1. Which sequence of 291, 72, 301 reflects their accessible areas, 1.4 Å probe, from the largest down?
2. At a 1.4 Å probe, what is the % contribution of carbon and sulfur to the accessible area of region 67-126?
3. Going by average Cβ density within 10 Å per residue, which order do the peptides 220-226, 352-358 take, highest to lowest?
4. Taking a 29 Å limit on the Cα-Cα distance, which of the listed pairs 297/398; 134/381; 134/398; 224/421; 224/381 fall beyond it?
5. How many percent of the accessible area of region 390-429 is carbon or sulfur, using a 1.4 Å probe?
6. At R0 = 35 Å, how high is the FRET efficiency between residue 375 and residue 94 if r is their beta carbon distance? Nearest 0.05 is fine.
7. With a 1.4 Å probe and every protein chain left in place, work out the accessible area per residue of region 374-416 in Å², rounded to a whole number.
8. Using a cut-off of 10 Å between beta-carbons, work out the net charge of the residues near residue 416 (Lys and Arg +1, Asp and Glu -1, residue 416 not included).
Amino acid sequence: MKTTWISLVAALLLLPESGVSGDNLGRLDSVYRQLVRRDTQMFPPEEWSVTDLRVIREILYQVRNSDRIPESASAALPLTAEQVEVVCQKRLFDEEIERLHLCFESPAGRDTVAIQDFVLIRGVLGHHLYEMVKDFRGTGKDDFEKDLARVSDLYLNPLRPSIQLWSTQPRSASSFYALSIFGRLGNDALDLPFWYRGTMIGGVAVTHIDRPSAVRDPEYALYKIRAGVEQPINFSVPQSGTPSPNSVFRDRRLEGSGTAVFLNGSYAPWTDVPFLGIDTAGFIRLSLELSVATEEKEHFSPRLPQTFYSIRNYAAFLAEVRNLGIFNLGAGLAWHDLYHYSRIELPDNRPSLLEPSVNNVLASLELGIGETGGLLQYDIKTAVHFSVTDGYGFLLVKPVVMISNVFGIEVSYFMALRSSKLPPWHYDKYFVFTPVVRINF
């Protein structure tokens, strides 16, 4: 090692004084590569991604405003953090960052600004941010040259399961399509979680994701279309005696009364929240959901009550601002009809209308906080729903917490507002708890 340093000093002293700065730097780099730098090409570098958009935003700011990075390189970087992927490579013989890659889509295709050598990287980012980026090692791995589309996505949530069956997989894809099957139990927009809706939904979904960095956000898609069939629930939980008014498994007051076609579409027209005039990693999403009855049941189980209520058609619209910093905002409007059936003294348990159908309109406001990067992901939503037609409302609190986007829990709690106005087919409280497992690679 002593010989190496003597050679380096000698090379510095022998540089011609008349040489320009660029020539000197080029010769210094040649000496460094030949005498000092260790050849590690036989060992694949360890890589990890920075997934916290707030940290990416700070990295982007430091790089764009650093006098150590050529302006021609930093000027090509996007202005918003959501368009940039940050991938780090570790040095082989210690814990330092050897290379920092900022990957993004340019008009010419996929592009990368690379910063090499941990001394330069530390100088550009600063000590605190540099150590923060190092701490992401082990929390997420993503080889920046590999496909970014999801090969497999298995979401095991009893209320909203989905399984990705197929997706396009072009090399270094900047966008991709996916085909999935999905299920649905309950409807939060109608304040009817779990099996209290009286129906279950199954169908297929087509998703288009157009940003590589957004793949890590399970809520993002440029657009998603779901189509399926809604059918009455045929199972029930036997109860002995009078059930507790606070029981988790209570008798349904709504029953499915036939087959319906289910359609759901969502579209994210803006990913920089332009009307707010701020730099944000968020996106705006518009969602429309419909359930249209196509067939009415002719016979019902004798276990059903002699008279019961049923929702046969509904529509719900929701506009959201997601990832506005850590905040999520939303507002919506929903409509549903209501039928009151009777099968008293009718043969073969056939139903008949006890009274004319009625309509109900619900307005909603939502506020929540969420985090999609790092080891712990969470989405805690609070909402107020109010029935414009009947004058009652519900307060919804719904936290979803995931660890490494693999294991988690989801809890929903609905509490009635102005419960004296509640219709007879509603309970005043609903509590639903479900575990969540997600396999995504």
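1. 72, 301, 291
2. 52
3. So the peptides 220-226, 352-358, ranked by packing, come out 220-226, 352-358.
4. 297/398; 134/381; 134/398; 224/421
5. That share works out to 66 percent.
6. Details: r = 24 Å, r/R0 = 0.68.
About 0.90, to the nearest 0.05.
7. So region 374-416 comes to 43 Å² accessible per residue, rounded to a whole number.
8. Taking every other residue near residue 416 into account, the sum is +1.
The values are calculated or read from the model by the stated rules, or taken from the named source; none is laboratory data. Predicted model only: the values in this text are computed from it and were never measured. Cβ: placed from backbone, ideal geometry, glycine included. Neighbour counts: every protein chain shown. For accessibility, only protein heavy atoms count, side chains too; no ligands or nucleic acids. Shrake-Rupley method; radii C 1.70, N 1.55, O 1.52, S 1.80 Å.
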